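Novice: Here it is, the structure, as structure tokens.
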Ligand code: AMP
């Protein structure tokens, strides 16, 4: 049975209230699967990357379990420990724990390098229930006896493959060895290189394995087309496209809540059955909008990226990017809403002159130019190379229009580098963890963070939309 709310997952009341405050309508697939098992105390191997809702999948049951235990934390002896590769990620996890745990009286602290250790030492001395840390600084503090791991009853290794890439794995092993043996252990990784597989076999006890990288959802199964269109002509183009009866369940993305409202309004005025979904809408209005879309009452839903996170609506025929996202990874997430469960899908992107660089980033990420569609609104639009684009009126959309694309575009950074003999698959900038400097070094890129799958694989390989929800 499909779980469509957090109510049935067994979480304590204050956590459910916090989720309502966060406007989380539905648990994501990894949350549905992981939360009940983690509340039971099982170990977990999670194949998941950022964007799947994995943080809440582990944070909620940790908060639940610690809050029902009611034992107090002792100075310097955290009860739960989360290891993360970077200070940014550690900070984000800490922020999520605070948000979800706002109705509980549990203490969290975050520890990372590159700043003075004074405040961190003080926080540890006051006592923390949940400690989030990067391995290097934590091990420093451990060796100075500012912290002990003996009371750690829940241990999480987040983005384990990235910790391996950054050279933290020995530190991680030392920390794990110092943790209490009677503990629940969770390991999350976007990929499973042999070293991580070995580590998980050693430290996890009879784990459940949850893999939220559905092999069926791939970017190259989606027919992706771009319409170069002046900003002021986007509306007219949208209305024209929506006249096609084949567009029977259409999800439209805008960058902002305000933008979503505006698109929703003019489509409504054009007589179309449409609703909007974004963070400024009251919870019940959002539930209503989603239901109307799911049931087919509203053929069109206009959403922002964040609001769309929890959407799992089958048979979306088309995704339309009315505005291109700032993050190329969001493009991959957006278009993954169509072509679900093995179905083919179609994604249209509107690109005005201010969005050319966003398009280039997207194409750099997916390593494939979008097919350009000729249409009657394109004429006023100059191409990025300064020349006017001259498409003949409405002809059939062309797939893989590389030559046309290259005529109208600056080469993408990836294309440029490829021409210069640099292979994006084998060289990336990674931080040198100890010196805090950035350097380029060759390595497998299928362990990059962010839209890893998308960045990682060579062009011919399918791109997994890991854990779309
Ligand atoms: P994560 O994969 O943990 O990095 O989460 C990605 C984003 O999704 C974060 O901004 C979360 O706040 C958000 N998020 C997580 N779970 C849900 C949910 N069930 N509904 C809506 N947003 C969510």
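Rule-based calculations on the coordinates, nothing more; no lab input. Here the structure is a predicted model, which is why all the values come from computation and not from measurement. Here the Cβ positions follow ideal geometry from the backbone for every residue, glycine too, while neighbour counts run over all protein chains shown.
Novice: Pulled fully out, how much extra length does the chain show between residue 37 and residue 353, if you take 0.36 nm times their separation in residues and subtract their Cα-Cα distance?
Specialist: Separation in residues times 0.36 nm, less the Cα-Cα distance, equals 108.8 nm.
Novice: Using a Förster radius of 56 Å, what is the FRET efficiency between residue 256 and residue 201 based on their Cβ-Cβ separation? Nearest 0.05, please.
Specialist: That gives a FRET efficiency of 0.75.
Novice: Gap in Å between the Cα centre of the range 258-278 and the Cα centre of the range 91-137?
Specialist: Each part's Cα centre sits 42 Å from the other's.
Novice: Could you list 208, 68, 332 in order of exposure, starting from the residue whose Cβ has the fewest other Cβ atoms within 10 Å?
Specialist: With the fewest neighbours first, 208, 68, 332 line up as 68, 208, 332.
Novice: Cα centroid distance between the range 224-239 and the range 30-64, in Å?
Specialist: 40
Novice: 7 Å from Cα along Cα→Cβ at both residue 143 and residue 173: what's the point-to-point distance in nm?
Specialist: 1.6
Novice: Which value in Å is the Kirkwood Rh of the range 1-133 over different Cα pairs?
Specialist: One over the average 1/r among Cα pairs gives 15.4 Å for the range 1-133.
Novice: What's the ranking of 259-270, 124-135 by average number of surrounding C-beta atoms within 10 Å, highest first?
Specialist: 124-135, 259-270
Novice: Ordered by packing density, taken as the mean number of other Cβ atoms within 10 Å over each peptide's residues, highest first, how do 349-362, 103-116, 318-331 rank?
Specialist: 318-331, 349-362, 103-116
Novice: From the Cα gyration tensor of the range 222-388, with a ≥ b ≥ c the square roots of its eigenvalues, which class applies: rounded if a/c is under 1.5, or else prolate if a/b is larger than b/c, or else oblate?
Specialist: Prolate.
Novice: What's log10 of I(q)/I(0) for the range 161-283 at q = 0.15, 0.23 Å⁻¹, Debye sum over Cα points only, no solvent?
Specialist: Taking Cα atoms of the range 161-283 as identical point scatterers yields -0.83, -1.43.
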